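Bear in mind that the values in this text are calculations on the coordinates, not laboratory data. Note that the structure is predicted; figures quoted are calculated from it, not measured. Reconstructed Cβ throughout: ideal geometry from the backbone, glycine too, with neighbour counts over all protein chains shown.
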């Protein structure tokens, strides 16, 4: 009887096995396969600079990213996205990632960088930024602001990377097969050149008493910021402080020029230039327009001097006048130098003022200071700054934020410049005025609150040249502000030559990145092996059902007998 039952079951399984095989496989795949890939986190990333300047390429050349995440501790970085927090970042580690042909680098920055210790900012990042930009690479380099999810992703990726280097081969294989990984994917397209980008500059003037033939003083400040990532470049001190000081000077002297009694015999021209961080392209074109392409301009004949303002809001007590040629005696520029010395020594003895002489080096790709653009055109010019050297890393860093500017020091430095200018314009020293005479007092005094408000507004958005187009709210607001105090406010545009561009910008500087939680590729292989083994075992049992049935029957009978 048992043999007959066995034969019936055996025939039944043999006859229905093809159907069972066809139905069973999809069921197994559905039940045991990993769940569909799910988005672990979506966050905004900011790409490193990509631009060409005078035929030289700078920054990263790629924007696409679709690769698995690793940290720098992993043994293999090839074709991986390397995640690094700012605290563990160094240029050597960055170079190591490039040497191993990493697929991308994502640097995670603190959410509030202004709260970081100054030594960390100075030593671990600000000094590295110029080196990063000098290293042209095809590897996409992104920056992201940390949050809890991103820190968790970094921590999990870090643990997986460390375990690979400290465990045995079997442990590594098991961990690799079971651990969760993260696939980093950007949602944007590949970057491309923006061929018709316009850099916008603004000019306005105060006409002196006596007409256009009077000597002209030009006050200049560039408004754009610069850093390793354009969307993170707020440029509070360099050069938001310079623009804020220029606008305050425009307000003060417009009041003096309103009344006939204080209307001086100087024209004052104010120029807010664009493209300052790209070798002062806005200033270069403005000079060409005024000196080469027009017959009537305040810059044509009688320029007393050009005063450039750059980085005036730090918390130190130094002030420097940077010159390409030492001013000659009995010239307006020499008079301004002496008046600066007079004002600082008599009114602000805590300020250490000195002149720094540096010749223009035309062999360099980048000019040191904005006044050198004027010096090349033989116009007497200098730059006032709190920085002793043009190579100071503060001028080219994303760490230059509003919290780094001491508004009281900016107000003091602006007042020194205003008082010295007024003494030159009204020739007060020659007239025997006391050295400690205060001109801007009471209703005419500097307004610290207004300086602070202007600086807050300037640093409320990144001002990288690639982000400020001619229709930008920044340009419109600057124009409106200048129109309140100055006459004949005009815009000036500069576009790169299409055949031989001096500068070239690229898009895709800000993107959305998704971190997808995925299993590694070896997991699919092991899963396939397990499914194959399971199906093989099932097939073996089905083919030999009678044998297994009898075996189980004998085992059961023996257990009953005992």
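Please give the calculated 222 nm ellipticity per residue for the chain, where each DSSP H segment of at least 4 residues contributes -39500 (n - 2.57) and the sum is spread over every residue; nearest 500 deg cm²/dmol?
Theoretical 222 nm ellipticity from helices: -12000 deg cm²/dmol.
Among 369, 457, 231, rank each residue by its count of other Cβ atoms within 10 Å, from fewest to most, as a rough exposure measure.
457, 231, 369
Obtain the nm distance between the two label points defined at residue 558 and residue 345 by a simple spin-label model: each point lies 7 Å from its Cα along the Cα-to-C-beta direction.
The modelled label-to-label distance comes out at 11.4 nm.
Just need the relative contact order of the chain here, percent rounded to a whole number, with Cα pairs under 8 Å and 6+ apart.
25
Nearest 10 degrees, 0 to 90: what angle lies between the long axis of helix 148-166 and the longest principal axis of the chain (Cα atoms)?
60
With only alpha-carbon pairs counted, each pair once and no self-pairs, how large is the Kirkwood hydrodynamic radius of the stretch 218-304 in angstroms?
Its Kirkwood hydrodynamic radius stands at 14.8 Å.
Alpha carbons only, please: Rg and Dmax for the stretch 198-495, in angstrom.
Looking at the stretch 198-495, its Cα Rg and Dmax stand at 17.6, 52 Å.
When each pair of different Cα atoms in the chain is counted once in the 1/r mean, what is the Kirkwood radius in angstroms, to one decimal?
Kirkwood hydrodynamic radius for the chain: 28.0 Å.
Of 263, 492, how do they rank once you tally other Cβ atoms within 10 Å and put the fewest first?
Fewest to most other Cβ atoms nearby, the residues stand as 263, 492.
In Å, what Kirkwood hydrodynamic radius results for the stretch 461-544 from the alpha-carbon pair distances?
Mean inverse Cα-Cα distance, inverted, gives 20.0 Å.
Can you tell me the FRET efficiency between residue 359 and residue 95 if r is taken as the Cβ-Cβ distance and R0 is 30 Å, rounded to the nearest 0.05?
Between residue 359 and residue 95 the formula returns 0.30.
Order of 530, 411, 308 from fewest to most other C-beta atoms within 10 Å?
Ranking 530, 411, 308 by Cβ neighbours within 10 Å, fewest first, gives 530, 411, 308.
With everything on Cα atoms, drop me the angle between helix 281-291 and the longest principal axis of the chain, reported from 0 to 90° to the nearest 10.
30
Just want to confirm a number: the relative contact order over the stretch 194-303, from Cα pairs under 8 angstrom separated by 6+ residues, in percent.
41
Taking the chain as the reference, fit the longest principal axis to its C-alpha atoms, fit the long axis of helix 448-458 to the helix C-alpha atoms, and give the angle between the two in degrees, 0 to 90, nearest 10.
Helix 448-458 and the main axis of the chain meet at about 40 degrees.
According to a simple spin-label model (label point 7 Å from Cα along Cα-to-Cβ), what is the distance in nm between residue 541 and residue 499?
8.1
Can you give the relative contact order of the stretch 198-495 as a percent, counting alpha carbon pairs under 8 Å and 6+ residues apart?
Relative contact order comes out at 34 percent.
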